[in-house]
Amino acid sequence: MRLWHEKLISKLPRQQLLGQHRECCALRGGGWGKKHQTVDYVFTHSPYKLFQFHEKVMHEMQHRGYQPNELWLNPLYRGTKVPSYDSLQSVKLTSPIYPEHDDVYLHECIENLASKGIEI
């Protein structure tokens, strides 16, 4: 499980973009708080930040003609198996959304994609 650096979202091939959507859905739902070495940093922030990141992914999907389920555009929604949040305080949108998505992480993501034969 990985959240690609947000600068790469618009450049991701179809498979990685749709995979990113699935991973965001999983993290927002039953995966929230479940330890995973690559994405543990997400759980140190408000779940609203994950919504903001997911929203960027979904906007790119829509830009490409895909139609993600509109329920995910609600920051309280957590999927069909986990109850929605009753409330969730919004947080200011930062750039990058996650401070962990620095230039070192960007390079790591580019190298990871290159190891899969994807040149960005």
Query raised in the report: Could you count how many residues in the range 96-116 are touching a residue at least 12 places away in the same chain (Cβ under 8 Å), within 20 Å of Y48 (Cα to Cα) and open to solvent by 40 Å² or more (accessible area, probe 1.4 Å)?
Result: 2
Requested in this report: Go through the range 23-50 and count every residue that is touching a helix residue (DSSP H, G or I) at 6+ places or on another chain (Cβ under 9 Å), farther than 16 Å from H101 by Cβ and among the hydrophobic types (A, V, I, L, M, F, W, C).
Outcome: 2
**Report entry** Every residue from the range 52-63 that is in contact with a Pro (Cβ under 9 Å, 6 or more places away or on another chain) and open to solvent by 30 Å² or more (accessible area, probe 1.4 Å)
**Finding:** E55, Q62
Requested in this report: Determine whether the range 48-61 contains at least one residue that is over 15 Å from the mean Cα position of the chain (by Cα) and without any contact (Cβ under 8 Å) to a residue 40 or more places away in the chain.
Outcome: no
Query raised in the report: Is it the case that some residue within the range 15-29 is farther than 18 Å from N69 by Cβ, assigned to a helix (DSSP H, G or I) and touching a Cys at 6+ places or on another chain (Cβ under 7 Å)?
Result: no
Query raised in the report: Taking interchain pairs and intrachain pairs at least six residues apart, which have beta carbon atoms under 7 angstrom, with the first residue in the range 64-77 and open to solvent by 80 Å² or more (accessible area, probe 1.4 Å) and the second among the hydroxyl-bearing types (S, T, Y)?
Result: L71/Y77
Requested in this report: Quick one: which residue in W72, W4 is hydrophobic (A, V, I, L, M, F, W, C) and more than 11 Å from the chain's Cα centre (by Cα)?
Outcome: W72
Query raised in the report: So V82 fits all but one of (1) surrounded by 15 or more Cβ atoms within 10 Å (Cβ to Cβ); (2) among the β-branched types (V, I, T); (3) farther than 18 Å from V57 by Cα; what number is the exception?
Result: (1)
Report summary line: Of H54, H5, the only residue that is farther than 21 Å from E119 by Cβ, touching a Cys at 6+ places or on another chain (Cβ under 6 Å) and not β-branched (V, I, T) is H54
Query raised in the report: In this structure, does K49 turn out to be farther than 16 Å from Q15 by Cα, open to solvent by 60 Å² or more (accessible area, probe 1.4 Å) and among the basic types (K, R)?
Result: no
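The values are calculated or read from the model by the stated rules, or taken from the named source; none is laboratory data. Because the structure is a prediction, the values reported are computed rather than measured. Cβ atoms come from the backbone with ideal geometry, glycine included; neighbour counts cover every protein chain shown. With ligands, DNA and RNA removed, areas are computed over all heavy atoms of the protein, side chains included. Shrake-Rupley method; radii C 1.70, N 1.55, O 1.52, S 1.80 Å.
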